[in-house]
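Coordinate-derived values only; no laboratory data. Just so we're clear, the structure is a prediction, and the values are computed from it rather than from any experiment. Cβ placement follows ideal geometry from the backbone for every residue including glycine, while neighbour counts extend to all protein chains displayed.
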Amino acid sequence: MSTEAAPSGVWFAPGRVNLIGEHTDYNEGFVLPFALPHRAVVTASAVSGGSSRVRSAQQDGVVEFRAATVAPGEVTGWAAYLAGTCWAFREAGFPVGEVDLRLDSDVPVGAGLSSSAAVECAVGVALAGLAGVPVDPTGLARIARRAENAFVGAPTGGMDQMASMHGRPGRLVFLDTRDDTVELVPFDPPAHGLELLVIDSRAPHAHADGEYGARRADCEAAAAALGVPALRDARPADLPRIADERIRRRARHVVTENERVLQVVALLSGGADPREIGPLLDASHASMRDDFEITVPHVDVAVAAARAGGAVGARMTGGGFGGCVIALCDTGRVGAVTAAVRAAYAERGWPAPVVFPGRPSEGAGPLPG
C-alpha cells in the first residue's frame with residue numbers, strides 16, 4: 001500500500017466543443033474547436049513506494065497500479081484514462097513516480113464534449129507539475145492522445161487534446177492536424193449580441209459499436225483510391241474518380257468540411273460578423289447527415305428546431321451517433337431557440353435536452369487559487 005503524501009497541487013483541463021470540422025482530424029485536415037468552461041480537475045500528490053491510486057468523484061472505488069511499470073491492458077474502464085496518461089508520459093521519456101490522483105469532472109460524459117481528453121490532459125499537466133517539467137501544450141496533447149489511442153484503445157484524432165491544452169478565452173483553436181500547428185482565431189459571440197448554445201441531445205453517444213472506426217476505414221479507402229496520402233490532399237474535382245458511391249460520399253464530406261473550416265477562419269480572422277458563418281454551420285450538418293451518415297434523429301430534430309426557433313446556424317458537433325448540437329443565435333432569441341428544441345423533444349416523448357452557453361475558455365493548467 002502506498003504511503004500518501006500531502007496534496008502537491010490541483011490541476012485542470014477543459015472539455016471542448018468543435019465549432020466546425022468534423023472527422024477531418026484523422027484525415028490530416030483542419031478543425032476549429034474551443035475549450036469549454038467545463039473541466040476535469042485532478043488533485044495530485046506524489047507517494048513514496050508502493051503503488052499509485054486513482055479515484056473519481058463520479059465513480060465508485062479506488063483503482064491501484066504501478067505507474068512506474070503499468071502497460072496497456074493492465075487497467076481498464078474509467079481508470080484507464082488516468083493510468084494510460086501515466087504510461088504515455090513515462091513512454092515519452094519523462095519521470096513518473098507513484099502518485100495519488102483524485103478526479104472530479106463536470107464535463108458531461110457521453111455528450112461528445114471530450115470528457116476523456118479533459119481527464120487525460122488534466123492528468124498530464126498534473127504529472128508535469130509534480131515532476132517539475134515545463135508544460136509544452138502540444139507535447140502534452142500528443143501524450144494524452146497516445147494514452148487514448150494506445151492504452152485505452154480509442155482510434156480518435158488529436159483535436160480534443162489540442163483544444164483542451166491550447167484553449168483561450170475569446171479564441172478558437174484553429175488546428176492543422178497534419179503538423180499540429182495552432183492559430184488562435186477570435187470568437188466572442190456576446191460581443192456581437194450572439195450566443196452559441198450547446199444542446200446536449202441526450203441521445204446515447206458511443207463509438208463502441210464500430211461506426212467511428214468504419215468511417216475512418218472508409219476515409220482511408222478513399223485516400224487510397226485517389227492516390228493521396230490523406231483526404232486533406234483531395235479536392236472536390238477529384239471525387240468522381242472514386243468508383244464506390246459510399247466511399248465517394250464519405251470523401252465528399254471530409255473534402256468539403258475542410259473547405260468550410262477554412263472559410264470560417266477567413267471570415268472570423270477578417271473581422272466579419274459571426275452571423276456570416278451560419279450557412280456554413282448548416283452546410284456542415286447536412287454533410288454529416290447525408291454524406292457521412294453520422295447523425296441520429298435526436299440531433300437532426302434539435303438542429304431543425306433550433307433553426308425554426310431563430311438560430312442563424314446549427315449543426316451537430318462531435319464524432320456523431322448522439323452527442324451535442326450547437327446553435328448560433330442572437331441573444332434575444334436564446335429563449336425562443338431553447339423553447340423550440342424542448343417542444344420538439346416533448347412532442348416525441350424524448351427526455352428534455354440540456355442547453356447551456358458555450359463560450360471559449362482557458363486551456364489546461366494549474367487550477368487558479
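Relative to the longest principal axis of the Cα atoms of the chain, the long axis of helix 245-269 lies at roughly 80 degrees. In a GNM of the chain with a 10 Å cut-off on Cα contacts, which of 133, 303, 107 has the highest mean-square fluctuation? For the chain, modelled as a Gaussian network with Cα springs under 10 Å, the answer is 133. With helices as the sole contributors, the chain gives -11000 deg cm²/dmol at 222 nm; each DSSP H run of n ≥ 4 counts as -39500 (n - 2.57), and the sum is divided by every residue.
The Cα center of the stretch 162-240 and the Cα center of the stretch 265-320 differ in position by 13 Å.
What do you get for the angle between helix 80-91 and the principal long axis of the chain? Use alpha-carbon atoms, 0 to 90 degrees, nearest ten. That works out to roughly 70 degrees.
For the stretch 188-357, the relative contact order works out to 33 percent when only alpha carbon pairs closer than 8 Å and six or more residues apart are counted.
Sites listed here are GluC sites (Glu not before Pro) in the stretch 68-128 whose DSSP assignment is loop and whose Cβ has at most 10 other Cβ atoms within 10 Å, and the list is empty. Distance between the C-alpha centres of the stretch 107-123 and the stretch 26-100: 12 Å, rounded to the whole angstrom.
Comparing 297, 133, 122 along the charge dipole axis of the chain, the residue lying farthest to the positive side is 297, per the Cβ-charge model. Taking 0.36 nm per residue of separation and subtracting the Cα-Cα distance, full extension of the segment from residue 211 to residue 183 would add 7.0 nm. Where a ≥ b ≥ c are the square roots of the eigenvalues of the C-alpha gyration tensor, would you call the stretch 263-369 rounded, which needs a/c under 1.5, or, failing that, prolate if a/b is larger than b/c, or oblate? It comes out rounded by the Cα gyration axes. Of the candidates 150, 122, 237, which one comes out as most mobile in a Gaussian network treatment of the chain with C-alpha springs shorter than 10 Å? Of 150, 122, 237, the Gaussian network model singles out 237 as fluctuating most. The amide H of residue 98, built 1.01 Å from its N in the peptide plane, has 47, 49 as neighbours under 5 Å, considering only residues 5 or more places off or on other chains. Per residue, the convex hull spanned by the Cα atoms of the chain measures out at 135 cubic angstrom. By the beta-carbon count within 10 Å of each Cβ, the least crowded to most crowded order of 277, 199, 242, fewest first, is 242, 277, 199.
Computed from the C-alpha gyration tensor, the three semi-axes of the ellipsoid equivalent to the stretch 11-136 are 26, 16, 14 Å, from longest to shortest. Contact order for the chain, expressed relative to its length and based on alpha carbon pairs under 8 Å spaced 6+ residues apart, stands at 23 percent.
For the chain, a Gaussian network of Cα nodes joined below 10 Å ranks 173, 254, 62 by mean-square fluctuation, and the top entry is 62.
Each peptide in 341-353, 212-224 was scored by the mean count of other Cβ atoms within 10 Å over its residues; highest first, the order is 212-224, 341-353. Relative to the longest principal axis of the Cα atoms of the chain, helix 334-347 runs at roughly 90 degrees.
Along the Cα-to-Cβ line of residue 339, 7 Å from the Cα, sits a label point; which residues in the stretch 302-320 have backbone N less than 13 Å from it? Within reach of a label on residue 339, which here means backbone N under 13 Å from a point 7 Å along Cα→Cβ, the stretch 302-320 contributes 309-310. By the count of neighbouring beta-carbon atoms within 10 Å, fewest first, 103, 82 end up ordered 103, 82.
Global dimensions of the stretch 188-357 from alpha-carbon coordinates: Rg and Dmax equal 17.1, 49 Å. For the stretch 91-242, a simple Cβ point-charge model (Lys and Arg +1, Asp and Glu -1, everything else neutral) yields a dipole of about 320 debye relative to the Cα centre. Dipole check for the chain: with +1 at the C-beta of Lys and Arg, -1 at the C-beta of Asp and Glu, and the Cα centre as origin, the magnitude is about 280 Debye. Counting neighbouring beta carbons within 10 Å and listing from fewest to most, the residues 182, 299, 354 come out as 354, 182, 299.
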